[in-house]
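Asker: Next up is a structure, given as structure tokens.
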Amino acid sequence: MLLIVHNVTSATRLLDVLPLFRDDLRVQLLATCTGSSPYRAGVAELLRDVGVPVLPWDQALRTPVDLAVAASFGGQLPRYAGRLAVLSHGVGYNKRLTRPGQARSGPVRPGQALGAPEPVFGLSPQWLLADGAPFVDALVLSHPEQVERLRAVCPEAVPSAVLAGDPCYDRLLAARHHRERYRRALGVRRGQRLVLLNSTWNPESLFGDGGDGDRPDRDGDVLPALLPRLTAELPADEYRVAAVLHPNIWYGHGPGQVRMWLDRARRGGLTLVDPLAGWRQALVAADVTLGDFGSVSYYSAALGTPVLLGAAGERVLGADSPLAAFVRAAPRLNPYRPLRPQLDAAVARHVPVPGPAELTSSAPGRSAELLRRAFYGLMGIPEPTAPALLEPLPLPPYEPPARTAPVRVLTRLRGAAEVAVARYADPRDEPDAEGAAHTAVHEDTLDPALLTVADVIVREGAADDPRLGPPAAWAAEVLGRYPHCGLAAYVTGPGECTVRTRDGQVLVLAGGARDVDPAACASALFAWLASGKGADELAGGLTVWTGGTAHAVSVTPVGPGGPGPR
């Protein structure tokens, strides 16, 4: 069996179906790359990790195999002479794209007007016919509505259509009961909302120009202006922000370049999710998705998550496709207005619409069974007797926000041993709220000059890291170096930090691992002490409020009779 890879994007769907051939010693897997995609970066590394023999494209064309499976069209795919099955690498077929070397509108079909729009990629004669005849033995579709669209534009290819569900969607559905684990992996805390930013690849996508280039009020593309505002306008302890970018963005520009473009947002707390291993888990974990007309937005809606569109891209979608219908109805983000009210309204007013869940797959949970039956039928050998199963989504690594940008902290004493905290990462303007304000700066800040004016200095590390010394000693060193600093906080875990005050008190602040960020607790303590109150008044603990959520934090002195050296 031959896996035909065009780029990393298509390879991800092929990896979805690889487990269908596990434990079958009759099947030898081979792989090849057509070399036709301009986004080939990352393919060699991916295939190396899969660990199957990789053939050059010309050799693959000469090698007899029982079945080849691709997840994209393009290049010289029609040259393949053996049995061929093609899967969609997204949520069905929705986008318009002219085949390279063909006229924009392709051959005129009966009833089609001259000057018609570009054909729908993978669901039109321009992509499915070679010399007037279908070259695909099995065109895998996920819903009968795709068959009907196929029948309307390319009836010759209908006999090759195979309804077999959507393996990507099935993996998402099977993983929903792990939602809290995925949220913990992303460092989402109690009371926080996870905002998932996503963009497909296209000039009109959110990562492109947003498709509104003719707007007179525009000042450049949407995303560069939007990214720093997401982390600056949304209170850090009430919102967690992560981004999923299409693999063609990631590998077309290069991961290093993408990280550089998004550097300010990343220092403000945005996490870039791995486009291969972690995007599905982030999708399951999200509370609201800020996206565009790509498959991720549609999958998110199919899972019942509120979706707010930052780019619609209606001009690049087939008008009769489910994705186009979704885009026409979905609420839109105005990137030039405050973001928080729009995100909150999207969640508060959200009523799941049935279309995405119904039209993503006509056989939810059954794609493994249907696909394996189709593949083995094409190969002409009996299926294994064991159940056909897809691979469960793995638990991603723990990746809390790495917030090294300066943080403006607003605090307000609410009552006895209660402090409300709102933190904003690298805001351009002073946040508009009542209460006292101070600045917290990470020791690894990009601009060391900020440390000289910081009220609170923070860092993370293991309590026994020999490079930094014991937390209390590190804090003493920081306070000695920066005389303006009133409190130094060494975060030793997701729920605990050791702090030292300007008057030499050493305290351990501890809350639950899923509760408030220890750095926010340190700012709450700073505000408490700056109001003239003493740490000895916190023997019963400190209540830290973030938004409408109260977090109980213990305050334990360290020293003689204390819990031991820190």
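Asker: Per the Kirkwood formula on distinct C-alpha pairs, the Rh of the chain is how many angstrom?
Answerer: Averaging 1/r across every pair of different Cα atoms and inverting gives 26.0 Å.
Asker: Enter the angle in degrees (range 0 to 90, nearest 10) between the Cα long axis of helix 339-348 and the first principal axis of the Cα atoms of the chain, meaning the one along which they spread out most.
Answerer: Once rounded, the angle reads 70 degrees.
Asker: Normalised by the residues of the chain, what does the relative contact order come to in percent, with Cα pairs under 8 Å and at least six apart?
Answerer: About 13 percent, as a whole number.
Asker: If packing is taken as the average count of other Cβ atoms within 10 Å, what order do 443-456, 131-144 fall into, highest mean first?
Answerer: Highest to lowest by the protection proxy: 131-144, 443-456.
Asker: If contacts are Cα pairs under 8 angstrom and at least 6 residues apart, what is the relative contact order of the range 232-323 in percent?
Answerer: 22 percent
Asker: So what is the orientation-averaged projected area of the range 227-367, using the convex hull of its C-alpha atoms, in nm²?
Answerer: 9.4 nm²
Asker: Taking 8 Å as the Cα distance limit and 6 or more residues as the minimum spacing, I'd like the relative contact order of the range 356-489 as a percentage.
Answerer: 16 percent
Asker: Same structure, new question: Given H placed on each backbone N at 1.01 Å, which residues far from Leu2 in sequence or on other chains put an amide H within less than 5 Å of it?
Answerer: The list, which skips near neighbours in sequence, is Leu30, Leu67, Ala68, Val69.
Asker: Starting at the first residue of the range 182-198, write each ³J(HN,Hα) from the Karplus equation 6.51 cos²θ - 1.76 cosθ + 1.60 with θ = phi - 60°, in whole Hz, x for Gly and Pro.
Answerer: 5, 5, 5, 4, 8, x, 6, 9, 4, x, 8, 9, 8, 9, 9, 8, 9
Asker: Principal axis extents for the range 422-514, Cα atoms only, whole Å, descending order, please.
Answerer: The Cα atoms of the range 422-514 stretch 39, 32, 27 Å along their principal axes.
Asker: Mind checking the dipole of the chain: about its Cα centre, +1 per Lys or Arg Cβ, -1 per Asp or Glu Cβ, Debye to the nearest 20?
Answerer: Here the chain has a charge dipole of around 500 debye.
Asker: Going from the alpha-carbon gyration tensor of the range 463-566, what semi-axes, largest first and in whole Å, does one get by taking the root of 5 times each eigenvalue?
Answerer: 20, 16, 14
Asker: What FRET efficiency comes out for Ala449 versus Arg151 if R0 is 51 angstrom and r is the Cβ-Cβ distance? Round to the nearest 0.05.
Answerer: 0.15
Asker: When you have a sec, figure out the Kirkwood radius of the range 323-472 from all distinct Cα pair distances and drop it here in Å to one decimal?
Answerer: The answer is 22.2 Å.
Asker: Could I ask something else about it? Does the range 1-42 come out rounded, prolate or oblate by the C-alpha gyration tensor, with a ≥ b ≥ c the root eigenvalues, rounded set by a/c under 1.5 and, if not, prolate when a/b is larger than b/c and oblate if not?
Answerer: Prolate, since a/c reaches 1.5 and a/b exceeds b/c.
Asker: To continue, here is another question. Once every Cα of the range 357-420 carries one equal point scatterer and solvent is ignored, give the base-10 log of I(q)/I(0) from the Debye formula at q = 0.13, 0.19, 0.28 Å⁻¹, two decimals.
Answerer: With one equal scatterer per Cα and no solvent, log10 I(q)/I(0) is -0.66, -0.93, -1.17.
Throughout, read-outs are computed from the coordinates displayed, never taken from laboratory work. The model shown is predicted, which means the values in this text are computed figures rather than measured ones. In this analysis, Cβ positions are derived from the backbone assuming ideal geometry, glycine residues included, and neighbour counts consider all displayed protein chains.
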